[in-house]
1. Within the range B:100-116, how many residues turn out to be within 7 Å of another protein chain (Cβ to nearest Cβ) and surrounded by fewer than 17 Cβ atoms within 10 Å (Cβ to Cβ)?
2. Is it true that A:SER52 is more than 10 Å from chain B (Cβ to nearest Cβ) and on the phi < 0 side of the Ramachandran plot?
3. When you go through (1) in contact with a Lys or Arg (Cβ under 7 Å, 6 or more places away or on another chain); (2) at pLDDT 95 or above; (3) of a type outside the set (Ser, Thr, Tyr); (4) assigned to a loop (DSSP other than H, G, I, E, B) one by one for B:GLY87, which number turns out not to apply?
4. Condition (residue is part of a loop (DSSP other than H, G, I, E, B), modelled with pLDDT of 85 or more and touching an Asp or Glu at 6+ places or on another chain (Cβ under 8 Å)) applied to the range B:119-140: is it met by at least one residue?
5. Give the number of residues within the range A:35-79 that are under 22 Å from B:TRP128 (Cα atoms) and assigned to a helix (DSSP H, G or I).
6. Scan the range B:40-64 residue by residue and report those that are touching a Gly at 6+ places or on another chain (Cβ under 9 Å) and at the interface with chain A (Cβ under 10 Å from one of its Cβ atoms).
7. Among the residues of the range B:24-81, how many are in contact with a helix residue (DSSP H, G or I) (Cβ under 7 Å, 6 or more places away or on another chain) and among the charged types (D, E, K, R)?
8. Please indicate, with yes or no, whether at least one residue in the range A:103-119 is within 10 Å of another protein chain (Cβ to nearest Cβ) and closer than 28 Å to B:ALA45 by Cβ.
Amino acid sequence: MNSQDRLHYEDLEEGTIIQLGQHTITKDEIISFAKEFDPLPFHLDEEVAKKSLLGGLASSGWQTAGITLRMLVDAFLGNVASKGGLGFENLKWKKPLMKGDTLTGTVTLSSLRLSKSHPEKAVMIFEFDMRNQKNQQVMTMSLANLVAVRHPKKTEGASA
Amino acid sequence: MTLWFEDIEPGTSWDLGSHTFTEEEIIKFGKLYDPQYFHIDPEEAKHGPFGGLVASGWHTVSMGHKIMVDYLYAHDDMMRANGEEPGVSGPSPGVNKMQFKAPVRPGDEIRFKITVQSKRKSASLPGWGVLLNIIEAFNQEDELVYRSEIASFSKLRDFKPGLRLRMGMALAAMPIIGKMIRRK
């Protein structure tokens, strides 16, 4: 995709609500991620998981976050002239995502503002509300990501 | 690091270990969880915001978690070898704050460090304490790659549950009733 074809700051609107797709998590996916990034016995072994605090095989919280991000890239961020992520705040794992659960959710572009120090960039804040198939909240967070400005204003004293 | 809650002194830091990121694993993670072009396409990434391929921040963070888990297990084994019983760490309720400061490129060696900033007894989960941890990642130039504030549960060694709680725990351990209680 040509970078100018991607959505820039000027094309976006604060308050936009993005409906995410859905993803049903399998046992194989949970174990494969856990082996690589979260090798705790209750993410790796179904029998151990049943006796654990989680009561069954559940994905690593980091995997739930990864799947969530993937959904945002597919539904929105992949078409945006992104300049990279700044980080996130208030990530809360409210309920484990169990084997066979279907994750979906909505994301609100809650804030869109120009960067003070870099006129060619703006900051997008996304509020996530992730739920399972029973409409129970699984995860919430607030993510900050940079987006390119198509027509940056010249800063004071900058030469043309 | 799997010390008992009572033995953890706020302000203490531990070096957890390091990991060198390869182009192959950066692309693999990107394709699964963060398929923006600068995480999956080395050619297109040259014209992107980082001037080349970089790891998804979520990849770096997940790897930091892995390195920490490995460290905790190794430390547990060491304590057992010394005849000590290691403490118990519990699940994390979430991340207060995560700041991505510098990108990770193929070949970068990232080291991870944890500092326990503060600790308190949990109000909601009797028998457990809550630690506020600062986890930081640095590259081979000692540049800060990310800084995070993550809460985690840590079991109290010297906890004596009250009668009501002991009865509740006994009920919860019974197969059928326990299932009903746990289901809420």
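1. 0
2. On the way: more than 10 Å from chain B (Cβ to nearest Cβ): no; on the phi < 0 side of the Ramachandran plot: yes.
Here the answer is no, as A:SER52 does not meet what is asked.
3. Status for B:GLY87: all satisfied but (2).
4. yes
5. So the answer is 7.
6. B:GLY48, B:PRO49, B:PHE50, B:VAL54, B:SER56, B:GLY57, B:TRP58, B:HIS59, B:SER62
7. Of the residues in the range B:24-81, 4 are in contact with a helix residue (DSSP H, G or I) (Cβ under 7 Å, 6 or more places away or on another chain) and among the charged types (D, E, K, R).
8. no
The values are calculated or read from the model by the stated rules, or taken from the named source; none is laboratory data. Keep in mind that this is a model prediction, so the values were computed, not measured. Note that we place each Cβ from the backbone using ideal geometry, even for glycine, and neighbour counts take in every protein chain shown.
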